[in-house]
Amino acid sequence: MNIKTNNKFSYLLLVVAALLTNLITFTSNAAAAEDTVINERWGNPTVVLGSALNSTQRAETLDKFGVNPDDVNIDVANGADLVKYLGYGSGDDNVMFSSVMVTRENEGKGIKVDILTPENITLITADQYKNPLITAGIADATIKVASVVKVTGESALTGVYKAFEANGEKVNEKRAQLAQEELDTTQSVSDSIIKNAAQKNNAENLSKSDQEKADETYRTQLNQTLVEIKQELAALKEKQGELATKADVEKIVNDALAKYNLADFMTQDDVNKLVNLAEKYQKTDGVLDKESLAQLDKLSDSFNKTVNKLTDELGSFGDKLKGSLNDNQGFFTNLWQSIKDFFSGIFN
């Protein structure tokens, strides 16, 4: 009896092992197949190298991207491209070091940005690229940024636009220039917020690690604030059929800043910069269209997850950083729901 039982048990183990082997093989093959899927609109991913790179630096950059030159489309972004897309610059090819690899994704995938050399991109974070890219009309793409020398990172957007146009997708230059203004504004205002917050939070005696988490939280909340401002402007226009007034824009900006607990760390100059940016959002064709809003929805989810993760790690201090209305919609997007709730309460 024991022999038979042991034989059955051994047989069962062999069957389970075989099934697991087949499952692992199937999963590996599926993953490999997914890795080799070629986007039919673009073909292979496109790498856009900075024109300042010499041949050795180009090879090093491709190595950073982990690709063989034969497996990607390669283009070059020069000084003239910088002026064309960003609306400023000297046009000097010798300052273009930032490089990007752009992979077109299926519709609905959203924007993903990964900085492969954070030690060499000294000014711009991965999240700070995302809002401007959507403002410029870039959708559904995975973007990797790399540099083999230390650079600020602003010109990386130029490489993304060059990649899209190299694959037959026109980039609106007015939107691209507004995106660059957004990137510059985001960087300036986030620096101001972090500086002012550090002074106000001095008594917290945060460790270096916690301070870095707090700084990243503030940056992410500002990124989320910009998403909120765009969504609110679009909702107001949908509601009343016309652009927001200056007073409307100021209210939307100030409400969003209060919602994400940034108002106390803002100077009036910072607020004015965001109001000026918001007015340009609604006056630039396409920035608030349905496709851009769909991309922003995905972005909002990722920003909220980042804030929740960081504030959870910061414990009680993190609770102070969270926006008090983090799970609620803004005034205009929530207006109709409030009306429905009001009448529902009367009749119930």
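The values are calculated or read from the model by the stated rules, or taken from the named source; none is laboratory data. Everything numeric here is computed off the predicted structure, so don't read it as measured data. FYI the Cβ positions are ideal-geometry reconstructions off the backbone, even for glycines, and counts take in every protein chain you see. Protein only, heavy atoms only, side chains kept; ligands, DNA and RNA dropped before computing areas. Shrake-Rupley method; radii C 1.70, N 1.55, O 1.52, S 1.80 Å.
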Which ranges mark the helices (runs of 4 or more DSSP H) fully within the range 177-289 that have 2 or more residues being within 24 Å of Gly87 (Cα to Cα) and not β-branched (Val, Ile, Thr)? 208-240, 268-283
Could you tell me which residue of the range 61-80 is nearest to Lys150 (Cα to Cα), considering only residues that are open to solvent by 60 Å² or more (accessible area, probe 1.4 Å) and of a type in the set (D, E, K, R)? Lys64
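Give the range 245-254 a look and list any residue that's in contact (Cβ under 8 Å) with a residue 24 or more places away in the chain and surrounded by fewer than 19 Cβ atoms within 10 Å (Cβ to Cβ), or say none.
Residues of the range 245-254 in contact (Cβ under 8 Å) with a residue 24 or more places away in the chain: 246, 249-253.
Answer for the range 245-254, where residues must be in contact (Cβ under 8 Å) with a residue 24 or more places away in the chain and surrounded by fewer than 19 Cβ atoms within 10 Å (Cβ to Cβ): Lys246, Glu250, Lys251.
Within the range 113-141, work out how many residues are touching a residue at least 60 places away in the same chain (Cβ under 8 Å) and outside any helix (DSSP H, G or I).
The initial filter retains those residues of the range 113-141 that are touching a residue at least 60 places away in the same chain (Cβ under 8 Å), namely 123-125, 127-128, 130-131, 134-135, 137, 139-140.
From what is left, the residues that are outside any helix (DSSP H, G or I) are 123-125, 137, 139-140.
Result for the range 113-141: 6.
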Restricting the search to the range 125-145, which residues are in contact with a Lys or Arg (Cβ under 8 Å, 6 or more places away or on another chain), farther than 25 Å from Lys213 by Cβ and buried (at least 20 other Cβ atoms within 10 Å of the Cβ)? Thr135, Ala136, Gly137, Ala141
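Residue-by-condition table, conditions (1) part of a loop (DSSP other than H, G, I, E, B); (2) over 26 Å from Leu183 (Cα atoms); (3) open to solvent by less than 80 Å² (accessible area, probe 1.4 Å); (4) modelled with pLDDT of 80 or more:
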| residue | (1), (2), (3), (4) |
| --- | --- |
| Val37 | yes, yes, no, no |
| Val47 | no, no, yes, yes |
| Ala59 | no, yes, yes, yes |
| Leu82 | no, no, yes, yes |
| Gly89 | yes, no, yes, no |
Being hydroxyl-bearing (Ser, Thr, Tyr) and under 17 Å from Gln224 (Cβ atoms) is the filter; apply it to the range 257-299 and report the residue that is surrounded by the most Cβ atoms within 10 Å (Cβ to Cβ). Tyr260
Filter pass, Val275 being modelled with pLDDT of 95 or more, over 18 Å from Thr220 (Cβ atoms) and not polar (S, T, N, Q): yes
